[in-house]
1. Using modelled backbone amide H atoms (1.01 Å from N, in-plane), which distant-in-sequence or interchain residues come within less than 5 Å of Val74's amide H?
2. Would you mind checking the tilt of helix 101-115 against the longest principal axis of the Cα atoms of the chain, expressed as 0 to 90 degrees and rounded to 10?
3. What residues from the range 127-141 fall in the zone where the backbone N is under 16 Å from a label point 7 Å along the Cα-to-C-beta line of Ala40?
4. Regarding the range 72-156, what whole-number volume in Å³ per residue does the convex hull of its Cα atoms give?
5. Taking the chain as the reference, fit the longest principal axis to its C-alpha atoms, fit the long axis of helix 29-40 to the helix C-alpha atoms, and give the angle between the two in degrees, 0 to 90, nearest 10.
6. Taking the Cα centre of the chain as the origin, how large is its charge dipole in debye, to the nearest 20, when only Lys and Arg (+1) and Asp and Glu (-1) carry charge on their Cβ atoms?
7. Roughly what would the spin-label model give for Thr24 and Ala64, points 7 Å off Cα along C-beta, in nm?
8. Please list, in chain and number order, the residues 5+ apart from Ile50 or on another chain whose amide H is under 5 Å from its amide H, with Hs placed from the backbone.
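Rule-based calculations on the coordinates, nothing more; no lab input. This one's a predicted model, so the numbers in the text were calculated from it and none came from an experiment. As a convention, Cβ positions derive from the backbone with ideal geometry for all residues, glycine included, and neighbour counts pool all protein chains shown.
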Amino acid sequence: MAKASAGKQQWLSCAVLTVSDTRTEEDDTSGHFLVAALQAAGHTLADKAIVIDDIYRIRAVLSAWIADEGVNAVLITGGTGFSGRDSTPEAVAPLFDKEIDGFGEVFRALSLAEIGSSTVQSRALAGLANDTVIFCMPGSTGACRTAWEGIIRDQLDSTYKPCNFVGVLNVRSERA
């Protein structure tokens with residue numbers, strides 16, 4: 001398996017997971033935004049799911065995608081706050097091989113201009129697991145837009161300089 005080549009655009013296969021006790025496919029605006037955004041950028045949708053905010057259900061879906069060679073990236077929306085049921089960080093972080101500390105830091109810096117000090121309540125995080133990059137963001141569509149436009153879109157673009165995550169993923173030719 002070759003690393004992504006520099007200069008030549010490579011498209012990724014991405015999965016979207018919405019973590020919510022109340023959302024359905026009909027009203028999952030954040031999940032729909034992420035699907036539309038990744039497809040507009042040229043990537044393909046490998047899968048999309050909605051799970052309740054439960055550590056083990058989140059891990060079950062995410063673990064299957066991490067193990068699937070057909071999934072390069074996972075975008076997770078929801079469950080990153082401080083309410084009693086918010087458990088995405090606790091579900092996801094133990095699955096990481098490496099954490100991407102800068103994602104949460106940059107997300108909160110971007111979000112500060114939009115929602116002020118309320119950004120401190122975001123536990124957005126990201127990491128790598130089995131050559132899959134995983135981004136976890138808050139459940140609001142605005143937060144997903146901030147994360148996508150401010151960070152994720154560029155980091156999933158194989159031509160973005162000086163570096164991007166495609167360069168560290170083993171993107172198999174049948175997925176490109």
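1. Residues meeting the criterion, in which the H sits 1.01 Å from N, are Ala15, Val133, Ile134, Phe135.
2. For helix 101-115, the angle is close to 50 degrees.
3. 141
4. On the way: hull volume 6.9 nm³, N = 85.
It comes to 81 Å³ per residue, whole-number rounded.
5. Approximately 10 degrees, to the nearest ten.
6. Numbers: 15 positive and 22 negative charges, 92 e Å.
Here the chain has a charge dipole of around 440 debye.
7. Reported label-point gap for Thr24 and Ala64 is 2.1 nm.
8. Thr18
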